[in-house]
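A.B. asks: Shown below is the structure under consideration.
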Amino acid sequence: MTGELPKGWDRCLMSDISTIIGGGTPDTSVPEYFSTESGIPWLTPADLSGHTDIYISRGKRFLTKEGFAKSSAKLMPKGTVLFSSRAPIGYVAVASNDISTNQGFKSFVCSEDIHPEYIYFYLIYAKPLAEEFASGTTFLEISGKNAAKIPILLAPFPEQKRIAAKLEKLLDRVNSCQHRLAKISALLKRFRQSVLAVACSGRLTTDWRDEHPKIEPVRNNIKHIEHMRKDNIEKANQILGFKKYRYKKAAQIDISNMTKGISDLFEIPITWEWVSLGQITWFIADGPHFSPQYVESKHGVPFISGRNISYRGIDFSDAKYVSYSDHVEFSKRAKPIAGDVLLTKGGTTGVATVVPDVGEFSIWVHVALLKVVPELVIPFYLRDVLTAPFVYNQSQAQTHGVGNQDLGLTRMIHIAIPLPPLPEQEEIVRRVESLFTLADQIESRLAKATDQVNRLTSSILAKAFKGELVPQDPDDEPASVLLDRIRQTRKPTEKKRRHNGIL
């Protein structure tokens, strides 16, 4: 950090104003070394994940006396600035009592003429600079030697206290604003879920049904459902010129069995019917059950996994690619075209989207391809109903496996779907889209506000360490004098700490 310093400030290194302390962990296979109730407070970087307070007194576990003795952990005094030096770098807090840490920290026991809270805020401000001192191949870590080299912009001691007090007050307001914005994001998520819940239960279109009393009930088409499925398969085979798709009668739905254990069962309008996912689709398949050889994008076709799929569509920006020959082979199993529905069935299951008109791509085993019976269901309604809480809960209940969980195709076809007449499906999709567009607009404004608030934190910190946040007092002792005094007193202080067993 170069540039002109505020009057009375000075530059130094972390080693000039503090003693750098590492940590340690006893053998984790010995339960007697740890306690969740009492002992020596002990922190890991995970204990600071999501921690927003300046101070911390303990982590999830304590070390027993035996555990402490069997580790390289050190007991550090109240006021120590705790800084995570790996996995990840940059978590920071001030100890509110004597404390120890694991080896994921390089902590700073500051000299008495250094205000710990000032260093706390400075390390937040200088995190990008501190990360430049990290090294490693498996993961990045700041060594004790490099932690000592972290440069500090040091204000006079009284100004350190004024800066820390002002920052605490301002950043507390910023944090409060961030929490409120996060709550709005959660509300928008619940709003979308509520919209789909009322839409796919018939409550959103009650007025529409009152205005259209002569709409033909779905039950009139249900008796022709197998003929419709068979007809769509034959049409597809005629287009291909050979029999790729084979007819198989869809499993009948047992609504009492399918809704077992699901608490939000509801009555559907009289013109609606319960059907199975297998009944309203004429083809369901997934992609290859192995990881293919990937190629450069210019030499291949996008290969889509579950992480590329969201309600709004397919994100091709970070898609992997497979060769044209592999794509042709994979398409024999499942070939998505515009208007098909995709449903994630591995990893994060139950995410549905409609295939846009984007050209050819292949899907992996974690994605199911659903080809709908157009005489019965609109693709966008199927996406909406698969995303609605009642149906989504079924997909989660049908997801099995240890480690790599999967929503199997043979289980998927039994998912119970509330099916309205086609004209009402169109109205449902229109109303859902209108409400979701409103939510998207609010979310866009929320993202801008969140970005502004996040940038505000950086702006406030930058102003603080340029000496522009609080008034300067010409009577304050200059930092250069403070540093000279620290250098003169540090050796006796360190000897005293070693004698007391702190270091």
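A.B. asks: Could you please let me know if PRO288 is outside any helix (DSSP H, G or I), touching a strand residue (DSSP E or B) at 6+ places or on another chain (Cβ under 9 Å), over 23 Å from ILE378 (Cβ atoms) and touching a residue at least 24 places away in the same chain (Cβ under 8 Å)?
C.D. replies: Working: outside any helix (DSSP H, G or I): yes; touching a strand residue (DSSP E or B) at 6+ places or on another chain (Cβ under 9 Å): yes; over 23 Å from ILE378 (Cβ atoms): yes; touching a residue at least 24 places away in the same chain (Cβ under 8 Å): yes.
Yes, satisfied.
A.B. asks: Can you tell me which residue is nearest to PRO6 (Cα to Cα) among those in region 139-151 that are in contact (Cβ under 8 Å) with a residue 60 or more places away in the chain and either in contact with a Lys or Arg (Cβ under 7 Å, 6 or more places away or on another chain) or of a type in the set (Asp, Glu) (or both)? Break it down into steps so the answer makes sense when it comes.
C.D. replies: Filtering region 139-151 for residues in contact (Cβ under 8 Å) with a residue 60 or more places away in the chain gives 144, 147-151.
From what's left, either in contact with a Lys or Arg (Cβ under 7 Å, 6 or more places away or on another chain) or of a type in the set (Asp, Glu) (or both): 144, 147, 151.
On the way: GLY144: 29, ALA147: 25, PRO151: 16 Å.
The extreme case among them is PRO151.
A.B. asks: Is it fair to say ALA368 is touching a residue at least 12 places away in the same chain (Cβ under 8 Å), in contact with a Pro (Cβ under 7 Å, 6 or more places away or on another chain) and in the same structural domain as GLY408 (by TED's automatic domain parsing)? Walk me through how you get there before you give the answer.
C.D. replies: Details: touching a residue at least 12 places away in the same chain (Cβ under 8 Å): yes; in contact with a Pro (Cβ under 7 Å, 6 or more places away or on another chain): no; in the same structural domain as GLY408 (by TED's automatic domain parsing): yes.
No.
A.B. asks: Counting only residues that are surrounded by 15 or more Cβ atoms within 10 Å (Cβ to Cβ) and at pLDDT 95 or above, give me the helices (runs of 4 or more DSSP H) lying completely in region 196-242 with at least 2 of them. Steps first, please.
C.D. replies: Values: elements: 206-211, 219-222, 225-240.
Counting at least 2 such residues, we get 206-211.
A.B. asks: Could you say which residue among VAL358, VAL391, VAL367 is farther than 22 Å from CYS200 by Cα and buried (at least 22 other Cβ atoms within 10 Å of the Cβ)? Lay out the reasoning, then the answer.
C.D. replies: Values: VAL358 fails: buried (at least 22 other Cβ atoms within 10 Å of the Cβ); VAL391 fails: farther than 22 Å from CYS200 by Cα.
VAL367 is the lone residue from the list that is farther than 22 Å from CYS200 by Cα and buried (at least 22 other Cβ atoms within 10 Å of the Cβ).
A.B. asks: Across region 313-323, what is the number of residues that are outside any strand (DSSP E or B) and either in contact with a strand residue (DSSP E or B) (Cβ under 6 Å, 6 or more places away or on another chain) or at pLDDT 95 or above (or both)?
C.D. replies: Looking only at that region, the number is 3.
A.B. asks: Out of ILE54, ILE17, I need the residue that is on the phi < 0 side of the Ramachandran plot and under 34 Å from the mean Cα position of the chain (by Cα). Which one? Don't jump to the end; show me each part of the working.
C.D. replies: Working: ILE17 fails: under 34 Å from the mean Cα position of the chain (by Cα).
Within the list ILE54, ILE17, the selection yields ILE54.
A.B. asks: Somewhere in region 389-411, is a residue farther than 27 Å from ILE124 by Cα, more than 28 Å from the chain's Cα centre (by Cα), among the basic types (Lys, Arg) and modelled with pLDDT of 95 or more? So that I can check it myself, show each step before the final result.
C.D. replies: Let us first name the residues in region 389-411 that are farther than 27 Å from ILE124 by Cα, namely 389-411.
Adding the requirement that they be more than 28 Å from the chain's Cα centre (by Cα) leaves 410-411.
When the remaining residues are screened for being among the basic types (Lys, Arg), the result is 411.
Now restrict to residues that are modelled with pLDDT of 95 or more: none.
For region 389-411, residues farther than 27 Å from ILE124 by Cα, more than 28 Å from the chain's Cα centre (by Cα), among the basic types (Lys, Arg) and modelled with pLDDT of 95 or more: absent.
A.B. asks: Name the pairs whose Cβ atoms lie under 6 Å apart, with the first residue in region 118-138 and farther than 12 Å from ILE152 by Cα, the second polar (S, T, N, Q), and 6 or more positions between them or separate chains?
C.D. replies: PHE133/ASN146
A.B. asks: Taking region 414-453, which residues are buried (at least 21 other Cβ atoms within 10 Å of the Cβ) and among the β-branched types (Val, Ile, Thr)?
C.D. replies: ILE415, ILE417, ILE428, VAL432 - these are the residues of region 414-453 that are buried (at least 21 other Cβ atoms within 10 Å of the Cβ) and among the β-branched types (Val, Ile, Thr).
A.B. asks: Then there is this: Please find, within region 283-334, the residue that is surrounded by the fewest Cβ atoms within 10 Å (Cβ to Cβ) out of those that are acidic (Asp, Glu) and within 27 Å of the chain's Cα centre (by Cα).
C.D. replies: Here is the first cut: in region 283-334, the ones acidic (Asp, Glu) are 286, 296, 315, 318, 326, 329.
Now drop any that are not within 27 Å of the chain's Cα centre (by Cα), which leaves 286, 315, 318.
Numbers: ASP286: 22, ASP315: 12, ASP318: 7.
Among those that are acidic (Asp, Glu) and within 27 Å of the chain's Cα centre (by Cα), it is ASP318.
A.B. asks: Could you give every pair whose Cβ atoms fall below 8 Å, whose first residue belongs to region 217-230 and is closer than 13 Å to ILE280 by Cβ, and whose second residue is of a type in the set (Gly, Ala, Ser), counting only separations of at least 6 or pairs across chains?
C.D. replies: ILE225/ALA250; GLU226/ALA250; ARG229/ALA250
A.B. asks: Residues of region 51-102 being in contact with an Asp or Glu (Cβ under 9 Å, 6 or more places away or on another chain), in a loop (DSSP other than H, G, I, E, B) and within 12 Å of ILE21 (Cβ to Cβ), which ones?
C.D. replies: Of everything in region 51-102, those that are in contact with an Asp or Glu (Cβ under 9 Å, 6 or more places away or on another chain), in a loop (DSSP other than H, G, I, E, B) and within 12 Å of ILE21 (Cβ to Cβ) turn out to be LEU75, PRO77, THR80.
A.B. asks: Residue check: is LEU483 in contact (Cβ under 8 Å) with a residue 12 or more places away in the chain, assigned by TED's automatic domain parsing to the domain that holds LEU123 and buried (at least 16 other Cβ atoms within 10 Å of the Cβ)?
C.D. replies: On the way: in contact (Cβ under 8 Å) with a residue 12 or more places away in the chain: yes; assigned by TED's automatic domain parsing to the domain that holds LEU123: yes; buried (at least 16 other Cβ atoms within 10 Å of the Cβ): yes.
Against the criterion (in contact (Cβ under 8 Å) with a residue 12 or more places away in the chain, assigned by TED's automatic domain parsing to the domain that holds LEU123 and buried (at least 16 other Cβ atoms within 10 Å of the Cβ)), LEU483 qualifies.
A.B. asks: Could you tell me whether region 15-37 includes any residue that is part of a loop (DSSP other than H, G, I, E, B) and within 29 Å of GLN178 (Cα to Cα)?
C.D. replies: Step one: list which residues in region 15-37 are part of a loop (DSSP other than H, G, I, E, B), which gives 22-30, 36-37.
Restricting the remaining residues to those that are within 29 Å of GLN178 (Cα to Cα) gives none.
Looking for residues that are part of a loop (DSSP other than H, G, I, E, B) and within 29 Å of GLN178 (Cα to Cα), one finds none in region 15-37, hence no.
A.B. asks: What helices (runs of 4 or more DSSP H) completely inside region 114-193 contain at least 1 residues that are in contact with a Gly (Cβ under 9 Å, 6 or more places away or on another chain), among the basic types (Lys, Arg) and assigned by TED's automatic domain parsing to the domain that holds SER18? Let's see the steps before the verdict.
C.D. replies: On the way: elements: 116-125, 127-131, 144-147.
Fully inside region 114-193 and qualifying: 127-131.
A.B. asks: Identify, from the list SER107, SER49, the residue that is more than 26 Å from LEU13 (Cβ to Cβ) and of a type in the set (Ser, Thr, Tyr). Lay out the reasoning, then the answer.
C.D. replies: Details: SER107 fails: more than 26 Å from LEU13 (Cβ to Cβ).
Being more than 26 Å from LEU13 (Cβ to Cβ) and of a type in the set (Ser, Thr, Tyr) holds for just one of SER107, SER49, which is SER49.
The values are calculated or read from the model by the stated rules, or taken from the named source; none is laboratory data. Keep in mind that this is a model prediction, so the values were computed, not measured. Note: ideal-geometry Cβ built from the backbone for every residue, glycine included; neighbour counts use all protein chains shown.
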